[in-house]
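Report on one structure; see the data block that follows.
The values are calculated or read from the model by the stated rules, or taken from the named source; none is laboratory data. Keep in mind that what you see is a predicted model, and the values were worked out from it rather than measured. We place every Cβ from the backbone using ideal geometry, glycine too, and count neighbours over all the protein chains shown.
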Amino acid sequence: MNVYDFDNTLYKGESGIALFFFYLRKRPSLLRMMPIVVQGGLKYKLGLVKIDEVARRYAKYIEVFLRGIQDYKADAKEFWDRYEHRLQPFYKNMQKSDDLIVSASPEQSLEEVCKRMGVSRWIGTRIDEENARLTFVCFRENKAKAFLERYPNEQIDNLYTDSMYDTPLMELSKHVYLVRKGKLIKIK
């Protein structure tokens with residue numbers, strides 16, 4: 001099985017950031033949350049807090065954001081109509097029927113883009129739409145945890161990622177490729 005990270009690997013950029021700005025355009029009132037989002041992101045990037053702590057500390061803000069989403073499927077379709085052009089072209093030449101995409105992006109968004117790409121398996125951040133809550137943040141070590149829970153008897157032949165933070169997934173993989181600007185660099 002080949003496993004692909006999504007952001008900065010199959011998608012040029014961070015789709016989560018693009019998704020935030022997509023919603024900001026739809027709901028300008030979210031602008032008041034910008035300082036909080038930037039503060040949390042900066043603390044996380046500087047290693048001052050872990051992702052689970054960010055999710056816990058900022059849960060009430062995340063819930064305010066999520067409560068404003070009326071139709072995840074319609075929004076995902078509209079979002080990918082606008083951003084599908086940012087998918088990396090190299091993937092089409094190497095795509096296999098058993099590929100898996102593992103991403104920090106919400107599963108609702110991944111579902112739409114994966115269908116467009118012809119990918120039938122994905123793991124992402126889970127959102128309880130009914131209660132407007134994050135139930136699982138699929139990031140760093142949680143990617144490996146989610147993979148092992150969902151596919152306990154499968155082996156990762158090739159992992160494609162842009163990030164050395166995916167070390168837990170790398171340890172489960174026979175071969176690892178770093179993706180830099182659409183170019184593949186074998187590191188394991």
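For this structure, a couple of remarks:
- Among the candidates LEU159, LEU134, the residue that is over 18 Å from GLY13 (Cα atoms) and in contact with a Ser or Thr (Cβ under 6 Å, 6 or more places away or on another chain) is uniquely LEU159.
- Failed criterion for ALA76 (all others in (1) in contact with a helix residue (DSSP H, G or I) (Cβ under 6 Å, 6 or more places away or on another chain); (2) under 23 Å from VAL113 (Cβ atoms); (3) at pLDDT below 75 hold): (3)
- Checking each residue in the stretch 121-146 for being out of contact with any helix residue (DSSP H, G or I) (no Cβ under 7 Å at 6 or more places or on another chain) and modelled with pLDDT of 95 or more picks out ARG121, LYS145, ALA146.
- For the stretch 118-138, the tally of residues that are farther than 17 Å from LEU66 by Cβ and hydrophobic (A, V, I, L, M, F, W, C) stands at 3.
- Residues located in the stretch 141-185, provided they are within 12 Å of ASP5 (Cβ to Cβ), among the aliphatic types (A, V, I, L, M) and free of Cβ contacts under 8 Å to residues at least 24 places away in the same chain: MET164, MET170, VAL176, LEU178
- Here GLU141, GLU154 are screened, and the one residue that is surrounded by 14 or more Cβ atoms within 10 Å (Cβ to Cβ), closer than 19 Å to PRO106 by Cα and not small (Gly, Ala, Ser) is GLU141.
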